[in-house]
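The structure appears below as structure tokens.
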Amino acid sequence: MRLAFHLIGLGENSIAEIAAAAAGLSALRICPDCFFFSDGACSLCTDARRARKILAVVERPTDVLAIEKTKKFDGTYLVLGEMRKTGGFAPDQKLKLARARERGPFDEVILAFDQTTYADFGASAVMKELEGVTKKVTRLGRGIPTGGEIEFADEDTLGGALRNRS
Ligand SMILES: [Zn+2]
């Protein structure tokens, strides 16, 4: 009800825009390889210019957008979902990791997680899951503040963290 009143308050043009945007959402699918949103063939996974042997594992779709904005990364992605604060993986995360293993072997897997303690634990767990399918595993370089979420890092900071991965 509150949403309806809010929308009505925005006026006719805004309502039409929002309706069109919402209709577009229903056409979105989740890519079965990288688990990012796509509206048909995934523009990230099907782009021949992207390096298939380099995989960035991120928690959220918005992290993909943040990394793409830096224009410093031309590999592919795995959107794993948020690391659980209690540790371990949710069933859908296990399936996603299994799919990532099938997509390998990789030259490099970049664990592009937030700089938080629970994400650190998550990163070690992901490392274990992908053992044997990648030549090396790297983490984002420092630059993302401790406790920081990469979605909110500015492009220079995130770009630098990508460059200085180790
Ligand atoms: Zn994809």
On alpha carbon coordinates alone, what is the Rg over Rh value for region 90-166, Rh being the Kirkwood radius? 0.99
Going through the DSSP H helices of the chain, which span 20 Å or more along their own axis at the Cα atoms while scoring at least 0.5 as a mean Kyte-Doolittle hydropathy? 12-26
Rolling a 1.4 angstrom probe over the protein heavy atoms, how many square angstrom per residue are accessible across region 1-158? 58
Computed log₁₀ I(q)/I(0) - Debye formula, equal Cα scatterers, no solvent, the chain, q 0.14, 0.15 Å⁻¹: -0.76, -0.84
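The values are calculated or read from the model by the stated rules, or taken from the named source; none is laboratory data. These numbers were taken from a predicted model, which means no experiment stands behind them. To get the accessible areas, we keep the full protein, side chains included, count just its heavy atoms, and leave off ligands, DNA and RNA. Shrake-Rupley method; radii C 1.70, N 1.55, O 1.52, S 1.80 Å.
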